[in-house]
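> What follows is a structure written as structure tokens; I'll ask about it next.
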Amino acid sequence: MNVGTTQSNVVVVGAGPVGLWTAAELALAGVPVVVLESATERSPHSKALGVHPRTLEVLAMRGLDQRFLDEGVPVPNWHFGMLESRLDFSVLDTPYPFMLAIPQVRTEELLEEHAIALGARILRGHTVTGLEQDGDGVTLRVSGPDGEHTRTASYVVGADGAGSTVRKAAGIAFPGTDTTSYGYVGEVHLTSPAVRSAHNEHGALISVPVRGGRHRIAGVDAHDDGAPGPFTLEALRATAIRVAGSDFGMHDPSWLSRFGNATRVARTYRSGRVLLAGDAAHMHLPAGGVGLNVGVQDAMNLGWRLAAVARGDADPALLDDYHDERHPVGEKLAEHTLAQSALITATTPDGMALRSLLSTLIATVPEFSLTLARMLSALDVAYPSAGHPLTGTRVPGLFTLLRSGRPVLLDTTGTLAGEVTALAAASGIDVVVGEQAWTTAAVVLVRPDGHVWWASDDTDDAEVAAALKGLGATFTALG
């Protein structure tokens, strides 16, 4: 049965963490948004088990950090490529110097509550089967509980995973590398304690306790040739015995899966009125637990831009900047997950020697460990600078000032003229007066995603007013 055509301002495809955060950001800015999810129910299996420091900062910018902290377990160190020496997150320059262990299932529940509270609509059991776009909008073909229908939108965000229907239908290329090795994951009950990790010529194994008295056993199997067929408890048991010398009495599995290390990054994150975020834009080995985190950070960068464009407050060219800023992050993600894949699958003598050397460097060279920790945590992400050195950098702190989702103008000396601060306020910018311990700049304009938009070391009213109006070339609300 064809149930006709329905219309939304923005449609987000996929109700995982990335789609939910995108929808929440749009709803926060007053943009009508609908999320279409093919699954009728949320998966009980948590692909990701942790939230990294920069993602916790993102959550803090919208007042959600404490909800996660109340339920998660802080882990002050984390692994790179399953090396024996771990990265010390406790020294990171953030209020959240740890990886917060929390199942993806719960992360999705909390983000869905947030998105719905802001006004986003989430429709489950609605599968997008194709799309067409023109200069006026996008038409989606959807199969839902009541049959086939079409839905039109001004913009569509594909947050529908590595196999993204949106990406394929938009004709966006997805270049990269094919699978060369296979990983596995199983959530099981154990009758005897498992080793934390093991690595040898047979592969790699890591064990992590999860909810319900179960353990997640994951790693790579050097003997897996990619033959088709389901991954069984017997296969997991055999791998554990080869790699760790025991099956730890594993029984009663609740989840068994295998995956490859194929790594790809979309050629572009924007094609007209279609945009990509999360796994739809980049796929990789789930090494270091970074995928969910980079995806949510994609959504944070995209959300305020798309909201401004959808409201008619910004030139659509603002969306090109989303690709320009986040595509390099996706390329870097691909690089370091490929590097981790090489380390995890290193089973030859020379590969084992490389693992030993890098593990020693992590343990003995603090700068090396810190560099890797900042990379995994995404605290090293800075966008291209224009003018002042602060431009594009992450603002450390000030999270409560950004809860409205609006830009913030910091008058650190308290000497800006009233006409200038009035211009900012009239343009939808929150004005905050007072010293900032993290900078000596006199005036700083902070984007809704917590990065510096513009800054000056001088309190020059005419310069600040000109800068605000100059940004209006692409952001008309500031013009």
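> Scan the stretch 14-48 for residues that are in a loop (DSSP other than H, G, I, E, B) and buried (at least 23 other Cβ atoms within 10 Å of the Cβ) and jot them down.
Within the stretch 14-48, G14, A15, G16, V31 qualify.
> Could you list, in sequence order, all residues of the stretch 281-307 that are under 8 Å from the mean Cα position of the chain (by Cα) and among the aliphatic types (A, V, I, L, M)?
If the condition is that a residue be under 8 Å from the mean Cα position of the chain (by Cα) and among the aliphatic types (A, V, I, L, M), then V290, L292, V294, V296, A299 are the ones that fit.
> Is the stretch 123-138 home to any residue that is assigned by TED's automatic domain parsing to the domain that holds T150, within 18 Å of the chain's Cα centre (by Cα), at pLDDT 95 or above and of a type outside the set (G, A, S)?
Looking only at the stretch 123-138, we keep the residues that are assigned by TED's automatic domain parsing to the domain that holds T150, and these are 123-138.
Okay, now just the ones that are also within 18 Å of the chain's Cα centre (by Cα), so none.
No, the stretch 123-138 contains no residue that is assigned by TED's automatic domain parsing to the domain that holds T150, within 18 Å of the chain's Cα centre (by Cα), at pLDDT 95 or above and of a type outside the set (G, A, S).
> Among the candidates G163, G171, G186, G212, which residue alone is assigned to a loop (DSSP other than H, G, I, E, B), under 30 Å from M82 (Cβ atoms) and not hydroxyl-bearing (S, T, Y)? So that I can check it myself, show each step before the final result.
Working: G171 fails: under 30 Å from M82 (Cβ atoms); G186 fails: assigned to a loop (DSSP other than H, G, I, E, B); G212 fails: assigned to a loop (DSSP other than H, G, I, E, B).
Of the residues listed, the single one that is assigned to a loop (DSSP other than H, G, I, E, B), under 30 Å from M82 (Cβ atoms) and not hydroxyl-bearing (S, T, Y) is G163.
> Let me ask something additional. Among the residues of the stretch 315-333, write down those that are of a type in the set (G, A, S) and under 14 Å from the mean Cα position of the chain (by Cα).
G330, the sole residue that qualifies.
> Filter the stretch 374-414 down to the residues that are basic (K, R) and not in a helix (DSSP H, G or I), then identify the one that is farthest from S427 (Cα to Cα).
Applying the filter and picking the extreme gives R394.
> Here is a further query. Could you run through the stretch 220-242 and say how many residues are part of a loop (DSSP other than H, G, I, E, B), of a type in the set (D, E) and buried (at least 17 other Cβ atoms within 10 Å of the Cβ)?
Residues flagged as part of a loop (DSSP other than H, G, I, E, B), of a type in the set (D, E) and buried (at least 17 other Cβ atoms within 10 Å of the Cβ) within the stretch 220-242 amount to 1.
> With the structure loaded, tell me whether A101 is in contact with a Phe, Trp or Tyr (Cβ under 9 Å, 6 or more places away or on another chain), in contact (Cβ under 8 Å) with a residue 12 or more places away in the chain and under 19 Å from S43 (Cα atoms) or whether it fails that test.
Here the answer is no, as A101 does not meet what is asked.
> A further question on this structure: Return the residue satisfying two criteria in turn: it lies in the stretch 181-205 and is under 15 Å from K47 (Cα atoms) and of a type in the set (A, V, I, L, M, F, W, C), and of such residues it is surrounded by the fewest Cβ atoms within 10 Å (Cβ to Cβ).
Of the residues in the stretch 181-205, the ones under 15 Å from K47 (Cα atoms) are 183-188.
Keeping just the survivors that are of a type in the set (A, V, I, L, M, F, W, C) gives 185, 188.
Details: V185: 19, V188: 25.
So the residue we want is V185.
> Could I ask something else about it? Being touching a residue at least 60 places away in the same chain (Cβ under 8 Å), at positive phi and in the same structural domain as V33 (by TED's automatic domain parsing) narrows it down to one of G144, G119, so name that one.
Selected residue: G119, the only one of G144, G119 that is touching a residue at least 60 places away in the same chain (Cβ under 8 Å), at positive phi and in the same structural domain as V33 (by TED's automatic domain parsing).
> Looking at the stretch 88-149, what strands (runs of 3 or more DSSP E) fall wholly within it and have at least 2 residues that are over 30 Å from A363 (Cα atoms)?
Fully inside the stretch 88-149 and qualifying: 121-124, 127-133, 138-144.
> Same structure, new question: Output the residues belonging to the stretch 179-211 that are farther than 17 Å from F231 by Cα and among the acidic types (D, E).
Result: E201, single match.
> State whether the residues of the stretch 371-379 include one that is surrounded by fewer than 20 Cβ atoms within 10 Å (Cβ to Cβ) and within 25 Å of P74 (Cβ to Cβ).
Kept after step one, since they are surrounded by fewer than 20 Cβ atoms within 10 Å (Cβ to Cβ), are these residues of the stretch 371-379: 371, 375.
From what is left, the residues that are within 25 Å of P74 (Cβ to Cβ) are 371, 375.
Scanning the stretch 371-379 turns up at least one residue that is surrounded by fewer than 20 Cβ atoms within 10 Å (Cβ to Cβ) and within 25 Å of P74 (Cβ to Cβ).
> Another one. Output yes when any residue across the stretch 168-185 is touching a Gly at 6+ places or on another chain (Cβ under 6 Å), among the aliphatic types (A, V, I, L, M), in contact (Cβ under 8 Å) with a residue 12 or more places away in the chain and in the same structural domain as V274 (by TED's automatic domain parsing), and no when none is.
Scanning the stretch 168-185, I find at least one residue that is touching a Gly at 6+ places or on another chain (Cβ under 6 Å), among the aliphatic types (A, V, I, L, M), in contact (Cβ under 8 Å) with a residue 12 or more places away in the chain and in the same structural domain as V274 (by TED's automatic domain parsing), so the answer is yes.
> Let me ask you something else. Quickly run through the stretch 304-328 and pick out the residues that are of a type in the set (G, A, S), under 20 Å from L402 (Cα atoms) and not in a helix (DSSP H, G or I). Step through it out loud before you land on a result.
First pass over the stretch 304-328, keeping only residues of a type in the set (G, A, S): 307-308, 310, 312, 314, 317.
With the extra rule that they be under 20 Å from L402 (Cα atoms), the set shrinks to 307-308, 314.
Listed by number, the list holds a single entry, A314.
> With the requirement that a residue be within 14 Å of A173 (Cα to Cα), surrounded by fewer than 22 Cβ atoms within 10 Å (Cβ to Cβ) and of a type in the set (G, A, S), what does the stretch 243-271 give you?
Within the stretch 243-271, S271 is the sole residue that qualifies.
> Only one of (1) surrounded by fewer than 21 Cβ atoms within 10 Å (Cβ to Cβ); (2) within 26 Å of R394 (Cα to Cα); (3) assigned by TED's automatic domain parsing to the domain that holds H79 fails for A382. Which number is that?
Against the list (1) surrounded by fewer than 21 Cβ atoms within 10 Å (Cβ to Cβ); (2) within 26 Å of R394 (Cα to Cα); (3) assigned by TED's automatic domain parsing to the domain that holds H79, A382 comes up short only on (3).
> Another question, if that's okay. List the pairs whose first member sits in the stretch 211-222 and is under 15 Å from P44 (Cα atoms), whose second member is surrounded by fewer than 19 Cβ atoms within 10 Å (Cβ to Cβ) and among the β-branched types (V, I, T), and whose Cβ atoms are under 6 Å apart, counting only residues at least 6 apart or on separate chains?
Cβ pairs passing all conditions: R216/V208; R216/V210.
> Going residue by residue through the stretch 336-357, is there one that turns out to be under 30 Å from K469 (Cβ atoms), free of Cβ contacts under 8 Å to residues at least 12 places away in the same chain and in a helix (DSSP H, G or I)?
no
The values are calculated or read from the model by the stated rules, or taken from the named source; none is laboratory data. Predicted model only: the values in this text are computed from it and were never measured. FYI the Cβ positions are ideal-geometry reconstructions off the backbone, even for glycines, and counts take in every protein chain you see.
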